[in-house]
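For reference, the structure discussed in these notes is given below.
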Amino acid sequence: MTLEFSLSQNQTKSFTLTSAAHNIELGNWEISNHQLGIEDVLFSIQQICLHGGKQEGSRLIIIKCPDGLTITLSPTRGMNVIEATAPGIRLGWDSPVKEIVNPTFINLQSRNGTGWLEGFNEMMVRCGYEWSGHPFTDTNGELYSLHGKAGNTPASEVIVEIDTLFPYEIKIKGLIKENTFKKTDLRVLTELSYIPGSHSFTLHDRLTNHADYSHPYQIIYHSNFGKPLLEKDAKFIAPVKEISPFNNYAQNGLDNWQTYREPTKDFDEMVFNIIPYTKKDGSTMAALHNKSENKGVSIEFNTKQLPFLTLWKNTDTEKQGYVTGIEPGTNFAYPMTIEREQDRLKKLHAGKTVEFKLRYNALLDRQAVEITKKEITNIQGNQETQINQKPLAQE
Amino acid sequence: MTLEFSLSQNQTKSFTLTSAAHNIELGNWEISNHQLGIEDVLFSIQQICLHGGKQEGSRLIIIKCPDGLTITLSPTRGMNVIEATAPGIRLGWDSPVKEIVNPTFINLQSRNGTGWLEGFNEMMVRCGYEWSGHPFTDTNGELYSLHGKAGNTPASEVIVEIDTLFPYEIKIKGLIKENTFKKTDLRVLTELSYIPGSHSFTLHDRLTNHADYSHPYQIIYHSNFGKPLLEKDAKFIAPVKEISPFNNYAQNGLDNWQTYREPTKDFDEMVFNIIPYTKKDGSTMAALHNKSENKGVSIEFNTKQLPFLTLWKNTDTEKQGYVTGIEPGTNFAYPMTIEREQDRLKKLHAGKTVEFKLRYNALLDRQAVEITKKEITNIQGNQETQINQKPLAQE
Amino acid sequence: MTLEFSLSQNQTKSFTLTSAAHNIELGNWEISNHQLGIEDVLFSIQQICLHGGKQEGSRLIIIKCPDGLTITLSPTRGMNVIEATAPGIRLGWDSPVKEIVNPTFINLQSRNGTGWLEGFNEMMVRCGYEWSGHPFTDTNGELYSLHGKAGNTPASEVIVEIDTLFPYEIKIKGLIKENTFKKTDLRVLTELSYIPGSHSFTLHDRLTNHADYSHPYQIIYHSNFGKPLLEKDAKFIAPVKEISPFNNYAQNGLDNWQTYREPTKDFDEMVFNIIPYTKKDGSTMAALHNKSENKGVSIEFNTKQLPFLTLWKNTDTEKQGYVTGIEPGTNFAYPMTIEREQDRLKKLHAGKTVEFKLRYNALLDRQAVEITKKEITNIQGNQETQINQKPLAQE
């Protein structure tokens, strides 16, 4: 077992919170800017061990920055991001699942392969990497459960790094392993980086196939937002080349795919498959803003890494989970069998690494929303959006 | 996350042992009457964290009252009651499963949906609430496991309340959540109350549907008794309106449905469906007493809440589990599909609460058994018991 | 709950590390020869609680003897032996699974009943006892997962015993329970014994059927070795009466069944069914040695207890798991249905105990290998090896 993180530079203070390789688990832990000799910005980073119900044994890491964001993530749940908040704004949503469920209490195979729903309440869940998407049973009778295992895998290594020089970048690094004898040795080095005082954070994940055999992989960054961003007449904006409904039901929502309904009983969900336009370098952006256009969130990503974008409109009642997902991925959310058939299934060769970088921006005022709208409009330019009436597949 | 218990009155001392909402877990903990300034009755309440084998991480709460009962329940296992004992009597039984199995070690879906049997050893298990009864696979291929999930769900909140005024009522409250995105948000506030010195205790559960949609629910209070109550010629008594065998095998036991056999190899189990007679207010009672009629147990319940009663006679060998179940429920133990067909499946509307109250009485002497027999005879009056030869359904 | 171990003699120091019956878990713990007043041999025994990833909550027991072996076993994983090492030699192998996976993170039913592969990295896993072998679904639809449950069952009792008189035998005893209401009450008292300074250790397991009914049982001692013993032209030696390929693919390897290939891409695995010759008392031996014949391992066992021997040649690439299994068992690795059909399924009557004893010898030099070869040659004598071309069964 070797240390899987590269050495930090001198100016960087590094704290290993968890290490399977070195048998470390710090438990409750906290550090503040003062302890690091930094005085021109306030922040703290803490790890909290959770108790009670199905969150017994779960842990949270919370970056608190009074002049920026409070970002909460869970090492126990695949380094998923629980939420990011600032005064007046929240990236996240209210699931009927309130606890940070320890994967030891979840049977992903239950509920016909949708046991994943018993823990789903994050702002961002990694849906991958061995597989993602809707559950299916292959011809041998093997059940592939909804959205794979990464989001319910505890991190093997967790490191907090803080740059002691301006702008004091904070990195939370994790190692998520999907390794099974005879099957896979996929490992993901996850990284969330945040500059104190800012209203953005970046995910930078590196997926490596440590096996001697190539392996298919899938990843959907299932990014979810509810109130106060989501509301009646809130709007989803992105430079869209093609959009199609995920299924027949979503076809009914094609006319209004960009706007959201109020919390609506019996709405359930409509899902749309999107192929975005991009800048020349492949970079693109999708965003959500409220009706008044003074609060929002944008996600920057690159289609060379994440070519497909799933838009999930779950504008059912608030208690049911009033939420929309903006989900860049290597694929759409169909079962892996369909993704393979339709040639969206990627393969990672032995020893190779692929990277995924996403930037989440909390848009706190009218100006921030306006700039985002302009940027998206610029990428779209005068290019048309092709609206396909027919779902890409029938599950 | 809000505090889900109402404030206690001043005279009540309240101790939060576990709280997911407030991240509390007291671990090993104990309080005695002396510490509460109570001197006219002896009792202690303790929480114990368990270790070893599959009970690693389980917890017990034990109410010890030398002049009354010792009651043991498990917050880790759905606030189930493990046993209640007094000198010479025991409400409970001896399962081949000896440990208090932490649900993290149980796969309810295993064994064709009977993984529940790997942890079953309680005097009272809550079989519900999303579903209960025998396992079945629905038309979509979804496996509903034996007796649902509540009994294998760790309590999210656990509070001990002690009234400091006579008669010093002790309440152990728990919160069991069955909440899954897109599926359910059922929450049960469980309450076990006990008056020190008495030989009875009460369960008072409040099931609330916190979702915006109505949801079917089922609950069977699977209450189980072995030696010394159960023995050859021990007797089950209840005011019975209708009784039918659960299946063809039980049909053979209809002639002797009220009496028990000695531990009998290859007997396995006979189950009977009972519709009880009640008082005008719906209250009724079922009881078990030994051959000498000087030891027993009675359960009081109300058919407005729990209209059906399952009698489970598992008089196989002692090592196999010599036990009988007296099981008031909203339904019989057939798979939910059959319960729905036969119109015994209840529905809980959005925001609504239903209550279930059961009183368990340890009958310590001839007089207590005699009083119970009279009470049951009074309810039966001169009304007939209809014995149906045919099972209600074939699984 | 009774103490399931007999009292030790006075000269033996006994330490209970874990006890479900007595609610003991010592956690991190260590003892050395000095603390026991032993000065003529160096050793220490420690228990370590593991952290991080899927080994959170797992424990290891390590016997360290600088003049002999370092033996590592895991109480959390069925008292399995992780590895045994001495300078220049290692009994064990490198699985892509690096962590000592806590069974709470494993769903044996997943991956079509091969979830076991997510934790498999031991030198010796107990594959049993309720069933073992390849997964299958019975006619009722019940899935029996790969190699049973024992290897993923945490020990209920763990005792370390050290004889304070020469030769200071160390025993690590465990209790593994497979008890399920209505199904089984199988309990295994496991025992690993080691004499400090030696290069051998012994397993002595006692399986008792505590139920009132007889029950089939299966056990394969899945013993696995990689580098430096396994290499191109390493050799498997045993006195072989009959050998047959496990399946059609292995048939292609029958010509070279005794020698090993270098790590070979796309080789996957070849498995062979062996019936060994024995001495008059049933004792026999199988061994593996490297090409130079100066390193090896031998396993002594008795065919009265373990009549069948599975040879597993998994000479795929190193990262995939370059490993061979030498697996004495009550049966071959076919699904239990086939083992029953072909009359290799044993039955354990109520109250009865069967014992399994295996001795593992690390062969550190040419002389040790030479002696082992001679012993095996002696058992074979001039008796022929019958090579059957046809697999015993088609899965």
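Condition first: buried (at least 24 other Cβ atoms within 10 Å of the Cβ) and among the β-branched types (Val, Ile, Thr). Can you find one or more residues in the stretch C:220-234 that meet it?
Among the residues of the stretch C:220-234, at least one is buried (at least 24 other Cβ atoms within 10 Å of the Cβ) and among the β-branched types (Val, Ile, Thr), which makes the answer yes.
Going through B:164, B:190, B:184, B:180 one at a time, which residue ends up being out of contact with any Cys (no Cβ under 6 Å at 6 or more places or on another chain), closer than 30 Å to residue B:68 by Cα and open to solvent by less than 10 Å² (accessible area, probe 1.4 Å)?
Result: B:190 is the single residue among B:164, B:190, B:184, B:180 that is out of contact with any Cys (no Cβ under 6 Å at 6 or more places or on another chain), closer than 30 Å to residue B:68 by Cα and open to solvent by less than 10 Å² (accessible area, probe 1.4 Å).
In this structure, is residue B:259 within 14 Å of chain A (Cβ to nearest Cβ) and either hydroxyl-bearing (Ser, Thr, Tyr) or in contact (Cβ under 8 Å) with a residue 12 or more places away in the chain (or both)?
In short, no.
Has the stretch C:293-307 got at least one residue that is over 22 Å from the mean Cα position of the chain (by Cα) and either of a type in the set (A, V, I, L, M) or surrounded by fewer than 19 Cβ atoms within 10 Å (Cβ to Cβ) (or both)?
Scanning the stretch C:293-307, I find at least one residue that is over 22 Å from the mean Cα position of the chain (by Cα) and either of a type in the set (A, V, I, L, M) or surrounded by fewer than 19 Cβ atoms within 10 Å (Cβ to Cβ) (or both), so the answer is yes.
So, residue A:392, is that one out of contact with any Cys (no Cβ under 7 Å at 6 or more places or on another chain) and buried (at least 18 other Cβ atoms within 10 Å of the Cβ) or not?
So residue A:392 fails the test.
If you go through the stretch A:368-395, how many residues are charged (D, E, K, R) and either in a loop (DSSP other than H, G, I, E, B) or at pLDDT below 95 (or both)?
3
Tell me which strands (runs of 3 or more DSSP E) are completely within the stretch B:74-134 and hold 1 or more residues being within 14 Å of chain C (Cβ to nearest Cβ), open to solvent by 20 Å² or more (accessible area, probe 1.4 Å) and closer than 21 Å to residue B:315 by Cα, or say none if there are none.
Here the list reads B:80-86.
For residue B:337, only one of the following conditions fails: (1) within 14 Å of chain C (Cβ to nearest Cβ); (2) assigned to a helix (DSSP H, G or I). What is its number?
So the condition that residue B:337 fails would be (1).
Consider the stretch C:135-174. How many of its residues are without any contact (Cβ under 8 Å) to a residue 24 or more places away in the chain and either in contact with a helix residue (DSSP H, G or I) (Cβ under 6 Å, 6 or more places away or on another chain) or at the interface with chain B (Cβ under 9 Å from one of its Cβ atoms) (or both)?
Residues flagged as without any contact (Cβ under 8 Å) to a residue 24 or more places away in the chain and either in contact with a helix residue (DSSP H, G or I) (Cβ under 6 Å, 6 or more places away or on another chain) or at the interface with chain B (Cβ under 9 Å from one of its Cβ atoms) (or both) within the stretch C:135-174 amount to 3.
Can you tell me how many residues within the stretch A:348-395 are under 21 Å from the mean Cα position of the chain (by Cα) and not β-branched (Val, Ile, Thr)?
Going through the stretch A:348-395 one residue at a time, the tally reaches 11.
When residues of the stretch B:271-292 are filtered for being open to solvent by less than 30 Å² (accessible area, probe 1.4 Å), in contact (Cβ under 8 Å) with a residue 24 or more places away in the chain and not in a strand (DSSP E or B), how many remain?
Residues meeting the conditions: 1.
Give the stretch B:60-102 a look and list any residue that's under 19 Å from residue B:172 (Cβ atoms) and free of Cβ contacts under 8 Å to residues at least 40 places away in the same chain, or say none.
Matches in the stretch B:60-102: B:62, B:64, B:66, B:70, B:72, B:85.
If you take the residues of the stretch B:36-69 that are buried (at least 22 other Cβ atoms within 10 Å of the Cβ) and more than 13 Å from every other protein chain (Cβ to nearest Cβ), which of them is farthest from residue C:49 (Cα to Cα)?
B:68
The values are calculated or read from the model by the stated rules, or taken from the named source; none is laboratory data. Keep in mind it's a predicted model, so treat the numbers as computed, not measured. Using ideal geometry, Cβ is built from the backbone for each residue, glycine included, and neighbour counts are taken over all protein chains shown. Areas reflect the complete protein model, heavy atoms only, side chains present, ligands, DNA and RNA absent. Shrake-Rupley method; radii C 1.70, N 1.55, O 1.52, S 1.80 Å.
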